[in-house]
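S.K.: Mind having a look at this structure? Questions to follow.
The values are calculated or read from the model by the stated rules, or taken from the named source; none is laboratory data. Everything quoted here is computed from the prediction, not taken from an experiment. Please note: Cβ atoms are built from the backbone with ideal geometry, for glycine as well, and neighbour counts cover all protein chains shown.
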Amino acid sequence: MGSLRRQSLLMTAAILALCMAIGAAISHYVVERSMREFEGRDAAHTLERINILIELQLTNMRKQAADYSVWNTTYDFMASGDPAYVTENYSSAIFDNLDIDHAFFIRPDGHVTMALFRANQITPGASGIRYIADPGAMALPDSVLRETGAGRQPKIGGILNVDGKPYIYGISAILTNDGKGPSRGDVVFIRSLERKRMEQLKRLAQEEFSLAIPARADRIEIGDDRIASARTVRDTAGKPVASIVVDQPRPLKQLITTTRGIISANALILTLIALLFVYLMFDRLVLRKIDALVHNIFSIRQVGAIGNRLPAIGDQDIDRIASEVNHMLEDLSDSHGRLQHEAFHDHLTGLGNRRLLLKELDDAFRAVKNGHIESFTLLLMDLDDFKDINDLYGHLAGDQVIKIIAERLSGSTRSPDIAVRLGGDEFAVLIRNSRLTSSVRHAEILLDILTRPIIWDGITLGVKASIGIVIADASADPDSNPIDWLRKADIAMYASKNRTKNGYLVFHPDLESSLSERKRMEAELSAMIAGESSEIWMQPILKQSDGSLFALEVLSRWFHPTLGEIAPPTFIRMAEDTKLIDRFDRSVIRRCCALIPELRLRHPELYLCINVSALTLMEPDFSAFIARQIRLHAIPEGALMLEITETVLASDEAALLNGIRAIRQLGVRFLIDDFGTGYSSLSRLNSLPLDYLKIDGSFLESLDKGQDTICKTIIRMAHSLGMQVIAEGVENEAQRRRLAELECDYLQGYYFAKPMDPRQLEHYLRTI
């Protein structure tokens with residue numbers, strides 16, 4: 001009996017163990033299948049999110065092409081071929097605003113009338129904005145040409161592949177302002193999806209992906225460790241043009257592994273404890289509950305509502321799985337919500353962004369045309385001299401000012417009106433149902449609110465603003481669009497800033513002439529840089545120990561033929577705003593490097609110190625440019641110094657430091673200028689790869705009053721960090737003597753020598 005009982009028990013245990021093993025295997029299969037289905041839905045959601053983002057790009061490009069094709073001026077140009085149309089309406093700034101690289105004007109027969117190129121994207125050798133009227137020089141892909149001509153879609157946005165690189169294009173038929181024909185051809189806008197633009201799209205999508213051209217078959221393949229998926233992108237006419245390709249790790253891999261462990265452990269425990277009853281308990285406590293879990297997961301998949309959650313079933317282990325799935329659903333829901341919010345809001349202030357304003361402007365104008373509201377007003381605001389706050393107190397102070405301004409704007413704006421931050425120190429307010437008098441009054445109120453003092457770190461910061469006002473009612477041009485209103489408000493704002501800061505101005509067509517003047521100055525600046533017509537002046541830097549010549553600081557001067565000398569801060573800022581600063585800096589460096597061998601013939605130990613912009617330092621090929629100049633002119637190590645201001649480190653410190661380190665490896669020394677006026681502290685100097693520190697001249701004024709604490713602290717700290725110190729702005733003997741007592745290494749200022757033109761410098765070098 002005992003043997004039979006024992007055998008029966010062993011047999012029962014074996015059968016139950018087998019059943020439990022089979023049940024566990026089934027459970028593993030059901031859970032993994034459900035998880036794979038969920039992962040497939042997640043991958044499909046990711047593809048859909050990216051596809052929407054790409055479709056928005058295509059739609060936007062199509063609309064931009066339509067803005068310029070459905071226009072009487074373009075319609076007339078295709079008949080007359082007047083080159084003034086191109087030069088007046090297409091510039092680098094317009095290409096920047098539209099964010100395009102190429103524009104083509106194509107006749108109905110498919111021949112290219114005119115092409116505009118900004119970069120070496122499609123036609124080799126193109127640079128800047130080039131106007132080409134020779135049809136034989138065109139290189140527009142056949143795939144785009146086939147979309148043009150009579151009988152084709154009037155508007156289309158798509159993607160093309162040129163030499164393995166993706167491009168977005170928009171095509172629109174050339175019609176009159178009222179959209180009538182017959183069509184005189186097509187306008188084609190093209191934007192390259194180069195690395196920076198693709199990175200922007202990836203950040204918006206919050207996902208790594210690539211574009212494959214031509215389109216591939218849609219697929220979602222779930223492997224052991226990764227998920228490979230692809231989805232077709234269609235142009236605005238519905239034709240497949242590319243595929244979104246995503247390769248990502250399986251998000252539920254660890255969860256599946258954990259679930260398997262839980263099920264196996266439960267099976268072992270139940271086998272040891274339950275024996276004869278284990279098959280009933282397994283069915284009741286495991287399988288039924290897993291079925292309920294899978295059913296709930298399936299229901300969520302069927303509905304497609306990631307906001308839904310799995311209910312608790314009553315079993316701790318199964319509920320843990322449900323809880324993990326719920327956490328994952330919450331993460332997906334949060335990601336979707338963040339993407340939606342970030343797409344239309346500014347991350348620093350929480351206000352709406354440019355995209356939201358354009359949408360609201362479009363809605364408001366439709367409401368005016370439909371008679372739902374009488375009018376709306378757009379107020380565009382730009383803080384006056386905001387850069388000075390960043391330069392003097394650092395970007396932390398600047399960000400705080402931006403946040404406070406945003407809070408003030410938000411507090412003074414009532415629904416349905418909105419306040420947005422367009423970027424930098426530029427804001428806008430959209431007011432519905434407002435007339436001229438109320439709009440002007442609102443602008444006055446905003447100026448009063450915005451210009452109230454701001455306290456930061458115990459410092460009172462004064463803020464002023466310039467406001468441009470544009471009003472739209474039923475009499476407005478029915479073909480107007482949000483970009484038109486922004487442009488007009490921008491013109492009025494800049495006109496107000498130029499006339500008198502901290503004021504406002506209502507848009508008038510006469511104000512557009514001011515924009516033309518600005519464009520003229522930008523063109524003259526570009527011509528000055530291209531012709532290298534700026535003058536190179538230099539100011540000596542002397543050794544404190546013996547008064548001998550140590551270095552020459554390069555100071556650029558622009559003498560305008562009609563306006564006279566233009567202050568360096570003015571044209572340097574303009575060069576930075578128009579993205580000409582890199583060309584300017586390279587021009588100055590190239591000319592100065594050519595002078596170093598000649599200067600060193602008379603003064604073998606002489607150093608040349610050249611100011612360089614942060615934007616130039618962040619250019620990826622700048623270090624290679626410096627290396628070429630060093631090789632070309634055989635410049636010895638240390639003979640070339642690049643001077644940067646302390647405040648530039650607030651732009652993108654990581655990128656700047658990478659650029660500095662790459663150039664220092666070439667034997668170039670770095671000097672930080674205006675120290676003490678920016679945002680960093682002495683303690684940060686230890687992390688900066690610098691050789692020299694220049695004390696700002698404003699601190700030397702205290703030396704005349706017997707107050708030397710700041711200068712003494714800076715000099716001692718710099719010396720302790722292995723840096724030598726230059727004091728600029730030395731204007732008298734008392735300052736020189738005290739700086740010598742403080743062991744300052746080098747001196748610069750009017751007390752020794754003023755900045756000199758080449759003729760004066762030659763005389764100076766002969767006499768020392």
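S.K.: Using beta carbons and a limit of 8 Å, which pairs, at least six apart or on different chains, have the first residue in segment 410-438 and free of Cβ contacts under 8 Å to residues at least 24 places away in the same chain and the second one small (Gly, Ala, Ser)?
M.R.: From segment 410-438, the pairs are THR413/ALA419.
S.K.: May I ask you to list the residues in segment 709-723 that are buried (at least 18 other Cβ atoms within 10 Å of the Cβ) and not β-branched (Val, Ile, Thr)?
M.R.: CYS711, ALA718, MET723
S.K.: Considering only segment 68-90, how many residues are buried (at least 17 other Cβ atoms within 10 Å of the Cβ) and either closer than 29 Å to LYS165 by Cα or touching a His at 6+ places or on another chain (Cβ under 9 Å) (or both)?
M.R.: Selection size over segment 68-90: 4.
S.K.: Shifting gears a bit: Return the pairs, sorted by first residue and then second, in which the second residue is among the polar types (S, T, N, Q), the first residue lies in segment 451-476 and is outside any strand (DSSP E or B), the beta carbons are less than 9 Å apart, and the residues are 6+ apart or on different chains.
M.R.: Partner pairs satisfying both residue conditions: THR451/ASN502; PRO453/THR460; ASP457/GLN400; GLY462/THR451; VAL463/THR451; ALA474/SER375; ALA476/SER375.
S.K.: What's the total number of residues in segment 710-765 that are without any contact (Cβ under 8 Å) to a residue 24 or more places away in the chain and under 30 Å from SER534 (Cα atoms)?
M.R.: Looking only at that region, the number is 6.
Here is a yes/no grid of residues against (1) among the hydrophobic types (A, V, I, L, M, F, W, C); (2) farther than 19 Å from SER229 by Cα:
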site	(1), (2)
MET35	yes, no
ALA43	yes, no
GLU48	no, no
ALA66	yes, yes
TYR90	no, yes
ASP96	no, yes
ASP99	no, yes
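S.K.: Please go through (1) closer than 23 Å to PRO755 by Cβ; (2) of a type outside the set (S, T, N, Q); (3) outside any helix (DSSP H, G or I) for ARG600 and return the number of the only condition it doesn't satisfy.
M.R.: (3)
S.K.: Restricting to segment 363-397, what's the tally of residues that are among the acidic types (Asp, Glu), over 13 Å from VAL429 (Cα atoms) and within 24 Å of the chain's Cα centre (by Cα)?
M.R.: Count: 4.
S.K.: Looking at ILE610, ILE572, can you tell me which residue is buried (at least 17 other Cβ atoms within 10 Å of the Cβ) and assigned to a helix (DSSP H, G or I)?
M.R.: ILE572
S.K.: Further question: Can you pull out every residue in segment 343-358 that is free of Cβ contacts under 8 Å to residues at least 24 places away in the same chain and touching a helix residue (DSSP H, G or I) at 6+ places or on another chain (Cβ under 8 Å)?
M.R.: Of everything in segment 343-358, those that are free of Cβ contacts under 8 Å to residues at least 24 places away in the same chain and touching a helix residue (DSSP H, G or I) at 6+ places or on another chain (Cβ under 8 Å) turn out to be PHE344, HIS345, ARG355.
S.K.: Hey, another quick one. List the helices (runs of 4 or more DSSP H) inside segment 653-768, counting only whole elements, that have at least 3 residues being under 30 Å from the mean Cα position of the chain (by Cα) and modelled with pLDDT under 90.
M.R.: Here the list reads 653-664.
S.K.: Report, by residue number, each residue of segment 638-652 that is part of a loop (DSSP other than H, G, I, E, B) and either farther than 22 Å from ILE726 by Cα or at pLDDT 90 or above (or both).
M.R.: ALA639, SER651, ASP652
S.K.: State the number of residues belonging to segment 170-224 that are acidic (Asp, Glu), within 29 Å of ALA115 (Cα to Cα) and touching a strand residue (DSSP E or B) at 6+ places or on another chain (Cβ under 9 Å).
M.R.: Result for segment 170-224: 3.
S.K.: Among the residues of segment 479-494, count how many are in contact with a helix residue (DSSP H, G or I) (Cβ under 6 Å, 6 or more places away or on another chain) and surrounded by fewer than 23 Cβ atoms within 10 Å (Cβ to Cβ).
M.R.: Total meeting the criteria: 1.
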